[in-house]
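What follows is a short report on a single structure.
The values are calculated or read from the model by the stated rules, or taken from the named source; none is laboratory data. Quick caveat: nothing in here was measured; it's all calculated off a predicted structure. Methodologically, a virtual Cβ is constructed for each residue, glycine included, from the backbone with ideal geometry; neighbour enumeration extends over all protein chains shown. Note: accessible area is taken over every heavy atom of the protein model, side chains too, but ligands, DNA and RNA are not part of it. Shrake-Rupley method; radii C 1.70, N 1.55, O 1.52, S 1.80 Å.
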Amino acid sequence: MSDEQKVLLRISNLKQYFPIGKKKMGKPQAYVKANDGISLDIYEGETFGLVGESGCGKSTLGRTLLQLNHQTGGRTVYYGRTVEDFDLKYVEEIFKNLPEKKKKCEDLRAKVKKTREDYEKMPEGSDDAKILKKAAAQHLAELESETKNQLLDITALIGGLYTLNDTALAEAGKHYTAEYLAMKEIRQINAKIAELEKNGKGADKISQLKNRIPELEKKVEAELTEIQKIREGCPKGDEYEEYENQKDNGINLANLTDAEMRYLRRDLQLIFQDPYSSLNPRMTVGQIIGEGLQAHGMFKKGDPKMQDYIMEIMEKCGLAPYFIHRYPHQFSGGQRQRIGIARSLAVNPKFVVCDEAVSALDVSIQSQIINLLLDLKEQNNLTYLFISHDLSVIKYISDRIGVMYLGNMMELSDTEHLFAHPYHPYTEALLSAIPTTDVDGKKESIILEGDIPSPINPPKGCKFHTRCRYCTEICENVTPAFEEVEPGHFVACHHKLGVEE
């Protein structure tokens, strides 16, 4: 993707672990490591394809990005809205506790420094020593990633002010808190005014509320002036330079409460795999589509304009408007999936997770639904995460593709280059299994022997090594880093295909 394209979601070291059973005394808690440290950017307006065998964690990743599952670790920053658009508890907490937050980060930085020093002292003469050092490098990278995420939570909000001493930082925190609370009150007043104006009553109350806004705006301006004065006194140093320009207004979805996340549900939607079980059989099409519209306050119950809007959405999704009073059992699988699509897109989302959205449909219907999704994406400037196990479908619809295996991202690249030059043996095997019209039989089909290991107790080192024909000792002991082999093409493998070691 070009540098000019806007990042919509930035995922950093995302982890999603599910506990198994109850923790027993003297024994560590067992977890299913469904997503185990995934990092990637999803750009506005693209379709990002996610592929892999069943059980690799694709659907879990999609649901975790929407925070339907609260992620265990890492950051998921959404740039479709800003922290200034909402009242966010975690932002206020950071502002109120800046010195304490900084101390936690500095403790982590000290730990990273000590770990790096120990790593640099390690010998690397023998093969065993090289393997141990590579494992230590992986541990160091994990620790650095955790530290960076902690730092970014703060520096994204205050930028270079992070370099202040505790006293100045606490003072800055007071001004940031006051400014944020004033902005919060302005948002609440504007929302109340809009509600009163919509109902056509409360003229005196509206006037009182409007008179309060200039006073609050002056408060905001005064606090920002004080923050700027403090900013001018910030020490400059190479040690912190990488964090000086980190300030941004993205929302860290991982830090939101359930109530806060509910406000963003309108932006982040899901199209389910099963068009049968995902629709309430006791509700009509109009009720199914209208439920989200009412939940997000777009229409009130009984508003005559809502039915016209629903029929308009239905028509865009290839459903006749007169279907509005029919029930799900009266439709085919393809029509039901169109209803599910209409339900998701009715609230005007910016990001949609398509979770195996065509896998339950007849092949003859799949292409119709895929083309519908592409048309709607173009019309509404949507961004898709398209999850599928079918590489033929993924190739047709995706701009970029991520290949997952046992909770990890193995390879990531633009679609054309991934199919032309896969670097990972797992990707190579998946591509070799695509049906072909090659009558000469020159294309080798690579059979992956054995079963996918348990995500409760995954293999040490590279998780794919138990089924990889290129496996060596280092694969069994050291987790490969997810690194950029060439611009935009990332892979996690010790023996990258076509790359001399």
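For segment 18-42, the tally of residues that are β-branched (Val, Ile, Thr) and open to solvent by 70 Å² or more (accessible area, probe 1.4 Å) stands at 1. Of everything in segment 451-466 that's without any contact (Cβ under 8 Å) to a residue 40 or more places away in the chain and of a type in the set (D, E, K, R), which residue is nearest to residue 429 (Cα to Cα)? Looking at the filtered set, the residue picked out is 451. Residues of segment 43-56 that are open to solvent by less than 40 Å² (accessible area, probe 1.4 Å) and among the charged types (D, E, K, R): 46 alone.
Residues that are under 19 Å from residue 381 (Cβ atoms), open to solvent by less than 50 Å² (accessible area, probe 1.4 Å) and either of a type in the set (D, E, K, R) or touching a residue at least 60 places away in the same chain (Cβ under 8 Å) (or both) within segment 319-356 comprise 341, 344, 345, 347, 349, 351, 352, 353, 354, listed in sequence order.
Looking at 174, 134 in this structure, which one is modelled with pLDDT under 90 and open to solvent by 20 Å² or more (accessible area, probe 1.4 Å)? So the residue among 174, 134 that is modelled with pLDDT under 90 and open to solvent by 20 Å² or more (accessible area, probe 1.4 Å) is 134.
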